[in-house]
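The values are calculated or read from the model by the stated rules, or taken from the named source; none is laboratory data. Since this is a predicted model, take the numbers as computed values, not measurements. Cβ placement follows ideal geometry from the backbone for every residue including glycine, while neighbour counts extend to all protein chains displayed. What goes into the accessible areas is simple: the full protein's heavy atoms, side chains included, and nothing from ligands, DNA or RNA. Shrake-Rupley method; radii C 1.70, N 1.55, O 1.52, S 1.80 Å.
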Amino acid sequence: MPVVRGKNIEPLFTAEQIAERNHEMAKDIASGPTKDLLVIAVLKGSFIFAADLLRALHDTGLAPEVEFITLSSYGAGTVSQGVRIVKDIDSDVKDRDVLLIDDILESGRTLRFAKELLYERGARHVSLAVLLDKSVKRQEELEADYVGFECPDYFVVGYGMDVAYAFRELPFVGVVTGDAEA
Ligand code: IMP
Ligand code: MG
C-alpha cells in the first residue's frame, strides 16, 4: 500500500481507471450542449481532474474557454450552511453553454449554488461534471450530468483533493487508513 507522509493510503480509484473514465466522460460531454462552451473549474479540489478532463475534451475536438471559480462553504455542521464566492470568474456567461467541473458532489450545496448563479447570469445551459458522486450524502435535489465514479462514503484524498491541505499531489484517489509502521 502506498505510504505518504507516514500514512497508509489505500487506493480507491487508480490513475489508470481515472484516465480511462476521463476519456469516456469527454466523449459524453462532446455529444451534449457545447455552444460557445465555457468550462468552469471549481477550485481548489478540481484542479487536477479539470486539467485532465480538458485535455480529454481537446482529443474529442472541443476547444472550450476555461475559467476558474473559488467557492467556499461556511457554517459547516450548523443548520444554516451556505456557499460564498471567494474568487469569481471574469467571463460573461450570457447565452453560453457552461460546463462546471468539480471533484466531488456530496450534499449538492456547492454545485447547486454555482449552477443557479450561472443561470441567473443568463447562461444558456449549465451542466455538471464531477469525478466522484457521494450520492448517499445528498441534501439538495441535484444530480450531475457526467459522473466519473460513484464514491463510497469515505473521506477521500488525492488527485486534487486534500485533508488539512495534504495529499493533493497523489495521482490516484485513496483513503487514509492509518499510520504506516516505522
Ligand atoms: P457539497 O456537495 O457542497 O457538500 O461539497 C462537496 C465539496 O466538499 C467537494 O467539492 C469537496 O471540496 C469537499 N469534499 C467532500 N467530500 C470530500 C472528501 O471525501 N475529500 C475531500 N474533499 C471532500
Ligand atoms: Mg470542492
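So how many residues does segment 107-150 have that are more than 10 Å from the chain's Cα centre (by Cα), away from ligand 2 (no atom under 14 Å from the Cβ) and either of a type in the set (G, A, S) or part of a loop (DSSP other than H, G, I, E, B) (or both)?
Total meeting the criteria: 13.
Being in a helix (DSSP H, G or I), touching a His at 6+ places or on another chain (Cβ under 6 Å) and open to solvent by less than 40 Å² (accessible area, probe 1.4 Å) is true for just one of A26, A56. Which residue is that?
Details: A26 fails: touching a His at 6+ places or on another chain (Cβ under 6 Å).
After applying the criteria, what remains is A56.
Within the group I40, I69, I85, I104, which residue is within 16 Å of ligand 2 (Cβ to nearest atom), surrounded by 13 or more Cβ atoms within 10 Å (Cβ to Cβ) and farther than 24 Å from F149 by Cα?
Working: I40 fails: farther than 24 Å from F149 by Cα; I69 fails: farther than 24 Å from F149 by Cα; I104 fails: farther than 24 Å from F149 by Cα.
Answer to the selection: I85.
Report yes if Y154 is out of contact with any helix residue (DSSP H, G or I) (no Cβ under 6 Å at 6 or more places or on another chain) and near ligand 1 (Cβ under 8 Å from one of its atoms), otherwise no.
On the way: out of contact with any helix residue (DSSP H, G or I) (no Cβ under 6 Å at 6 or more places or on another chain): yes; near ligand 1 (Cβ under 8 Å from one of its atoms): yes.
Criteria met by Y154.
Can you list residue pairs whose Cβ atoms sit under 7 Å apart, with the first residue in segment 160-182 being in a loop (DSSP other than H, G, I, E, B) and the second being open to solvent by 90 Å² or more (accessible area, probe 1.4 Å)? Count only pairs 6 or more apart in sequence or on different chains.
As it stands, the answer is G160/F47, since those pairs meet every condition given.
Give the number of residues within segment 127-142 that are within 12 Å of ligand 1 (Cβ to nearest atom) and out of contact with any helix residue (DSSP H, G or I) (no Cβ under 7 Å at 6 or more places or on another chain).
Taking segment 127-142 as the starting set, the residues that turn out to be within 12 Å of ligand 1 (Cβ to nearest atom) are 128, 130-140, 142.
Add one more test, that the residue is out of contact with any helix residue (DSSP H, G or I) (no Cβ under 7 Å at 6 or more places or on another chain), and what stays is 130, 132-138.
Within segment 127-142, residues that are within 12 Å of ligand 1 (Cβ to nearest atom) and out of contact with any helix residue (DSSP H, G or I) (no Cβ under 7 Å at 6 or more places or on another chain) number 8.
Do we find a residue being under 19 Å from A19 (Cα atoms) and in contact with a Phe, Trp or Tyr (Cβ under 9 Å, 6 or more places away or on another chain) anywhere in segment 105-126?
no
Within the bounds of segment 150-171, is there any residue that is surrounded by 15 or more Cβ atoms within 10 Å (Cβ to Cβ) and farther than 22 Å from E16 by Cα?
Looking for residues that are surrounded by 15 or more Cβ atoms within 10 Å (Cβ to Cβ) and farther than 22 Å from E16 by Cα, one finds none in segment 150-171, hence no.
Here are the criteria: (1) touching a Gly at 6+ places or on another chain (Cβ under 6 Å); (2) assigned to a strand (DSSP E or B); (3) away from ligand 2 (no atom under 16 Å from the Cβ). Tell me which single one K94 does not satisfy.
(2)
Would you pick out the residues in segment 70-92 that are over 22 Å from Q139 (Cα atoms) and within 16 Å of ligand 1 (Cβ to nearest atom)? Talk me through it step by step, then tell me what you get.
Step one: of segment 70-92, the residues over 22 Å from Q139 (Cα atoms) are 86-92.
Result: V86, K87.
Please give the number of the condition F167 fails out of (1) more than 16 Å from L53 (Cβ to Cβ); (2) among the aromatic types (F, W, Y); (3) away from ligand 2 (no atom under 16 Å from the Cβ).
If we test F167 against (1) more than 16 Å from L53 (Cβ to Cβ); (2) among the aromatic types (F, W, Y); (3) away from ligand 2 (no atom under 16 Å from the Cβ), just (3) comes out false.
Is it the case, given these coordinates, that R96 is open to solvent by 30 Å² or more (accessible area, probe 1.4 Å) and over 25 Å from E169 (Cα atoms)? Spell out how you get there, then give the answer.
Numbers: open to solvent by 30 Å² or more (accessible area, probe 1.4 Å): no; over 25 Å from E169 (Cα atoms): yes.
Spelling it out, it is not the case that R96 is open to solvent by 30 Å² or more (accessible area, probe 1.4 Å) and over 25 Å from E169 (Cα atoms).
Considering only residues of segment 1-23 that are in a strand (DSSP E or B) and among the hydrophobic types (A, V, I, L, M, F, W, C), which is least open to solvent (accessible area, probe 1.4 Å)? Talk me through it step by step, then tell me what you get.
From segment 1-23, those in a strand (DSSP E or B) are 3-4, 7-13; that's our starting set.
Next cut, among the hydrophobic types (A, V, I, L, M, F, W, C) only: 3-4, 9, 12-13.
On the way: V3: 84, V4: 29, I9: 0, L12: 51, F13: 24 Å².
So, considering only residues that are in a strand (DSSP E or B) and among the hydrophobic types (A, V, I, L, M, F, W, C), the one least open to solvent (accessible area, probe 1.4 Å) is I9.
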